[in-house]
Amino acid sequence: MELEVRHLRALCAIADTGSLHRAARQLGVAQPSLSTQLRRIEQELGGTLFVRARTGCRPTPLGSLVLSRARPLVAEMRSLVTEARAAATGGQEFRVGSTASKALAGWLRRLRARGQEPTLHMNVSPNALLRMVADGQLDVAFVHEVEGSPLRVPDGLRVRVLVDREPQFVLLPVDHPAAARPAVHVGELAHDRWMIDPTVDGEWEAVQRMFRAAGISPHVLHGDYHTAAALVATGEVVTVCQPTALSRPDMAVRRLHGDPLGVRLLLAARTETDLDGALPALEAAYREAARQAPAYRDWLELEGAGSTPHPRTPVPALP
């Protein structure tokens with residue numbers, strides 16, 4: 001087997017995420033397929049590249065050597081593709097990365113109105129998106145930093161704070177007893193099944209801290225949040241959600257009493273020019289999403305968040 005760029009890209013993904021499962025998800029392949037590919041790469045190179053442990057994957061000395069040569073090659077290939085695409089489209093392509101957000105549609109719409117033609121790369125891992133910006137694969141990335149789990153911001157990136165602390169809410173079946181009130185105590189959900197996505201950087205650790213602080217130990221299922229929402233609708237689970245999420249006839253969005261979970265929303269780029277070009281549209285889109293979410297509007301009014309925001313922390317202004 002001859003090594004190809006896709007093989008080097010796979011090695012970088014495993015190193016960046018620290019997990020075969022997360023790397024496979026980032027690359028859009030099945031984990032068994034990635035495991036087989038890694039074994040073939042190791043056979044070709046004649047040694048083990050990663051130590052597999054319960055805590056994840058970490059490079060061996062040989063793996064570190066290979067990665068030190070692989071990263072520049074992968075970055076150069078990305079730059080080649082990027083420059084070629086930009087030349088083919090007249091240089092107007094603007095490469096956007098993002099974790100999930102209700103503000104995303106409005107942001108892309110506003111960028112197009114400014115004459116930019118955004119492309120989009122979604123990923124549940126903020127750290128992976130930041131790495132892609134640093135490697136030149138993306139121009140900007142809109143990411144969240146879970147409270148208590150600082151992101152690994154690569155050297156050279158510029159970062160702006162969109163919201164310094166966004167509270168996280170809870171998504172309940174509409175007929176759940178706790179859904180009858182606007183705010184839910186975590187302890188009220190001690191006997192519910194929760195679904196949490198452990199591939200989101202820092203999320204599971206933050207939820208565990210919340211459970212410990214509330215003195216509860218509920219049953220937890222692991223899965224992505226699209227699946228979680230479907231199971232909430234059928235009454236199977238409860239899950240955390242962004243405050244901009246919207247209630248539906250079968251699901252209710254409620255704030256958590258005391259706001260035990262929070263994230264910081266950040267925009268990252270390699271240049272101040274890219275930040276200046278993307279941030280105003282993102283701020284406007286986020287305000288729009290906040291205005292359209294009744295539970296978040298109520299929280300903002302209750303907290304007085306629209307009155308005197310920190311100058312570096314634009315908070316949605318209520319109309």
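Somewhere in the stretch 127-148, is a residue more than 23 Å from residue 263 (Cα to Cα) and β-branched (Val, Ile, Thr)? So far as the stretch 127-148 goes, no, none of its residues is more than 23 Å from residue 263 (Cα to Cα) and β-branched (Val, Ile, Thr). List pairs: first residue in the stretch 222-235 and under 10 Å from residue 197 (Cα atoms), second residue open to solvent by 40 Å² or more (accessible area, probe 1.4 Å) and of a type outside the set (Ser, Thr, Tyr) anywhere in the structure, Cβ distance under 6 angstrom, at least six positions apart or on different chains. Cβ pairs passing all conditions: 222/198.
Against the definition (in contact (Cβ under 8 Å) with a residue 24 or more places away in the chain and assigned to a loop (DSSP other than H, G, I, E, B)), how does residue 150 come out, yes or no? For residue 150, the condition - in contact (Cβ under 8 Å) with a residue 24 or more places away in the chain and assigned to a loop (DSSP other than H, G, I, E, B) - is not met. Residues of the stretch 131-188 that are surrounded by fewer than 19 Cβ atoms within 10 Å (Cβ to Cβ), closer than 28 Å to residue 218 by Cβ and of a type in the set (A, V, I, L, M): 174, 178, 180, 183. One residue stands out in the stretch 191-205 among those that are part of a loop (DSSP other than H, G, I, E, B) and under 23 Å from residue 173 (Cβ atoms): the one that is nearest to the chain's Cα centre (by Cα), namely 200.
Would you point out the residue of the stretch 21-54, among those that are open to solvent by less than 20 Å² (accessible area, probe 1.4 Å) and closer than 19 Å to residue 129 by Cβ, that is nearest to the chain's Cα centre (by Cα)? By that ranking, first place goes to 23.
Checking 273, 199 one by one, the residue that is free of Cβ contacts under 8 Å to residues at least 24 places away in the same chain and either at positive phi or of a type in the set (Val, Ile, Thr) (or both) is 273 and no other. Within the stretch 101-142, being in contact (Cβ under 8 Å) with a residue 60 or more places away in the chain, in a loop (DSSP other than H, G, I, E, B) and of a type in the set (A, V, I, L, M) holds for 103, 124.
One residue alone among 264, 255, 248 is under 26 Å from residue 107 (Cα atoms), open to solvent by 30 Å² or more (accessible area, probe 1.4 Å) and under 20 Å from the mean Cα position of the chain (by Cα), and that residue is 264.
Taking each residue of the stretch 28-44 that is free of Cβ contacts under 8 Å to residues at least 40 places away in the same chain and looking for partners that are of a type in the set (Val, Ile, Thr) and not in a helix (DSSP H, G or I) with beta-carbon atoms closer than 9 Å, six or more apart or interchain, yields 37/29; 42/48. Residue 16 falls short on exactly one of the conditions (1) out of contact with any Lys or Arg (no Cβ under 8 Å at 6 or more places or on another chain); (2) within 21 Å of residue 125 (Cα to Cα); (3) open to solvent by less than 70 Å² (accessible area, probe 1.4 Å), and that condition is (1).
Just give me the residues in the stretch 189-209 being crowded, with 18+ Cβ neighbours inside 10 Å and of a type outside the set (D, E, K, R), in sequence order. Answer for the stretch 189-209, where residues must be crowded, with 18+ Cβ neighbours inside 10 Å and of a type outside the set (D, E, K, R): 189, 194, 195, 196, 199, 200, 202, 206, 207.
The values are calculated or read from the model by the stated rules, or taken from the named source; none is laboratory data. What you are looking at is a predicted structure, and each value in this text was computed from that prediction instead of being measured. Ideal geometry is used to build each Cβ from the backbone, glycine not excepted, and the neighbour counts take in all protein chains shown. Heavy atoms of the whole protein, side chains included, go into the accessibility calculation; ligands, DNA and RNA do not. Shrake-Rupley method; radii C 1.70, N 1.55, O 1.52, S 1.80 Å.
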